[in-house]
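Working notes, beginning with the structure itself.
The values are calculated or read from the model by the stated rules, or taken from the named source; none is laboratory data. Note that this is a predicted model, so its numbers are computed, not measured. Virtual Cβ from ideal backbone geometry, glycine too; neighbours counted across all protein chains shown. The accessibility values were calculated without ligands, DNA or RNA, using every heavy atom of the protein model including side chains. Shrake-Rupley method; radii C 1.70, N 1.55, O 1.52, S 1.80 Å.
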Amino acid sequence: MNTSRPIRAIIDLAALRHNHAVARRQVGANKLWAVVKANAYGHGLERAVTALAKEADGFALIELERAIALRQSGLTHPFLMLEGFYDANELALFIRHRLIPVVHRPDQVRALLAVDWPADLPVYLKLDSGMHRLGFDTVGVAEAQRALAGRMPLVLMTHFADADGPRGIDWQLERFNAMTPDMNHPRSLGNSAAILRYPDKVGDWARPGIMLYGGSPFAEVTADALDLRPVMTLQSEIIGIQSIGAGESVGYGCTFTADKPMRIGVVACGYADGYPRHAPTGTPVLVDGQRTRTLGRVSMDKLCVDLTHLKVGVGGTAVLWGERLSADEVAIAAGTISYELFCALPPRVAIEVRS
Ligand SMILES: *Cc1c(COP(=O)(O)O)cnc(C)c1O
């Protein structure tokens with residue numbers, strides 16, 4: 001899609017492949033589920049999957065209809081459905097398209113036993129090792145394992161709550177091990193944070209997501225320092241300039257008031273373009289390669305930046321995040337994480353692909 005409006009999301013597929021190679025280097029001989037849920041974290045499912053088709057061991061996602069469409073386009077990789085199935089009547093589609101379900105409830109085990117499940121199509125058993133979101137408890141996993149072992153390959157899976165934080169993962173690994181005595185199945189454990197921080201504890205099938213897209217999973221370590229490259233650059237242009245005097249305010253609610261004469265640039269990018277409305281005055285922006293800051297409230301289609309000290313006119317390029325301005329930094333300023341910025345990219349933003 002091309003649009004007359006200057007806002008663009010530039011998607012750098014070479015960066016995506018580079019970041020996948022970083023995950024590969026971390027996990028050594030273990031395998032990788034490239035996590036492409038939520039439209040590949042906003043980057044475009046088909047283009048991400050096509051870009052990684054040669055190097056990925058498999059793709060993990062949530063959305064059944066999107067997985068089926070990928071299958072119908074001819075992709076033969078393993079697909080892991082991270083939330084499994086919601087209703088037993090979806091199982092016929094799982095079987096027909098060879099989709100691997102994650103199961104986490106006893107009724108899902110009964111549903112599997114009631115269908116003609118292929119003996120070579122794996123099932124993932126998800127354990128709750130402390131995150132207390134989805135997963136079997138100790139009794140549940142033992143029952144599920146007893147019921148299904150021998151009928152199909154099983155993989156034991158869990159998800160870490162604080163792989164990026166002070167608690168780390170060892171406390172959950174201890175519980176996981178205690179819950180699975182004598183269960184001799186492969187394991188799928190680590191997300192991006194675990195892959196980068198505990199590379200030898202991620203199991204046979206690690207599950208990198210945000211790192212593939214060049215986001216750092218850590219608040220205190222930059223993507224650069226992790227050798228991750230930005231895949232998405234959101235950029236637009238200055239479409240108006242205002243010179244205002246001291247005491248004048250900018251934008252809705254008059255939340256920013258100049259204390260001296262200022263030059264204000266108006267960028268064609270607002271919250272309807274996925275820019276976070278809660279980004280406060282001072283959130284970094286690059287204009288023609290020079291760092292400056294937002295001023296006042298972000299509106300639906302526009303935001304304002306400080307050009308007082310910059311020689312920039314109408315048509316100047318504004319990078320909101322990506323190349324040379326990390327999405328993590330913008331996200332932190334706006335009180336969120338890069339995941340949310342990427343996933344919020346709406347259809348009205350034109351995509352430009354660099355391969
Ligand atoms: C989304 C997801 C991941 C990827 O997490 P990142 O922090 O983006 O690496 C891994 N495992 C599961 C179960 C997920 O839902």
Review point. Going by the conditions given, is Gly322 in contact with a Phe, Trp or Tyr (Cβ under 6 Å, 6 or more places away or on another chain), open to solvent by less than 40 Å² (accessible area, probe 1.4 Å) and modelled with pLDDT of 95 or more?
Key: no
Check your understanding: Filtering the range 18-45 down to residues that are under 15 Å from the mean Cα position of the chain (by Cα) and without any contact (Cβ under 8 Å) to a residue 40 or more places away in the chain, which residue is farthest from Tyr124 (Cα to Cα)?
Key -> Leu45
**Study point:** Filter result for Arg96 (under 27 Å from the mean Cα position of the chain (by Cα) and open to solvent by 30 Å² or more (accessible area, probe 1.4 Å))
**Key:** no
Review point. Which one is nearest to Pro280 (Cα to Cα) among residues in the range 293-318 that are open to solvent by 20 Å² or more (accessible area, probe 1.4 Å) and assigned to a strand (DSSP E or B)?
Key: Arg293
Review point. What's the number of the condition Leu80 fails, among (1) part of a strand (DSSP E or B); (2) away from the ligand (no atom under 16 Å from the Cβ)?
Key: (2)
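With respect to Pro166, determine if the residue is out of contact with any Pro (no Cβ under 8 Å at 6 or more places or on another chain) and under 24 Å from Ser326 (Cβ atoms).
Here the answer is yes, as Pro166 does meet what is asked.
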**Study point:** Criterion (out of contact with any Cys (no Cβ under 7 Å at 6 or more places or on another chain), within 16 Å of the ligand (Cβ to nearest atom), assigned to a helix (DSSP H, G or I) and open to solvent by 40 Å² or more (accessible area, probe 1.4 Å)) met by exactly one of Arg110, Arg47, Arg66, Arg133
**Key:** Arg66
Review point. Restricting the search to the range 191-206, which residues are in contact (Cβ under 8 Å) with a residue 60 or more places away in the chain and surrounded by 24 or more Cβ atoms within 10 Å (Cβ to Cβ)?
Key: Ser192, Ile195, Leu196, Val202, Trp205, Ala206
Point to revise | Residues that are of a type in the set (Lys, Arg) and within 12 Å of the ligand (Cβ to nearest atom), drawn from the range 10-44 | key: Lys37
Review point. Yes or no: Val202 outside the structural domain of Val22 (by TED's automatic domain parsing), modelled with pLDDT of 95 or more and β-branched (Val, Ile, Thr)?
Key: no
Check your understanding: When the residues of the range 183-198 are filtered to those that are over 15 Å from Met131 (Cα atoms) and touching a Gly at 6+ places or on another chain (Cβ under 6 Å), which remaining residue is farthest from the ligand (Cβ to nearest atom)?
Key -> Arg187
Revision key, fill the gap. Just one listed residue, out of Gly270, Gly282, Gly313, Gly265, is on the phi > 0 side of the Ramachandran plot and modelled with pLDDT of 95 or more, and it is Gly282
Point to revise | Where Gly58 falls short, out of the listed (1) surrounded by fewer than 21 Cβ atoms within 10 Å (Cβ to Cβ); (2) more than 17 Å from Met211 (Cα to Cα) | key: (2)
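Every residue, every condition in (1) more than 15 Å from the ligand (Cβ to nearest atom); (2) surrounded by fewer than 24 Cβ atoms within 10 Å (Cβ to Cβ); (3) not in a helix (DSSP H, G or I), yes or no:
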{"site": "Gln145", "(1), (2), (3)": "yes, yes, no"}
{"site": "Phe160", "(1), (2), (3)": "no, no, yes"}
{"site": "Gly165", "(1), (2), (3)": "no, yes, yes"}
{"site": "Glu174", "(1), (2), (3)": "yes, yes, no"}
{"site": "Pro181", "(1), (2), (3)": "yes, yes, yes"}
{"site": "Ala219", "(1), (2), (3)": "no, yes, yes"}
{"site": "Ala225", "(1), (2), (3)": "yes, yes, no"}
{"site": "Arg229", "(1), (2), (3)": "yes, yes, yes"}
{"site": "Ile239", "(1), (2), (3)": "yes, yes, yes"}
Check your understanding: Does Arg151 satisfy the condition of being at positive phi and not aliphatic (A, V, I, L, M)?
Key -> no
Review point. Hey, among the residues in the range 226-276 that are β-branched (Val, Ile, Thr) and touching a Pro at 6+ places or on another chain (Cβ under 8 Å), which one's nearest to Asp306 (Cα to Cα)?
Key: Ile244
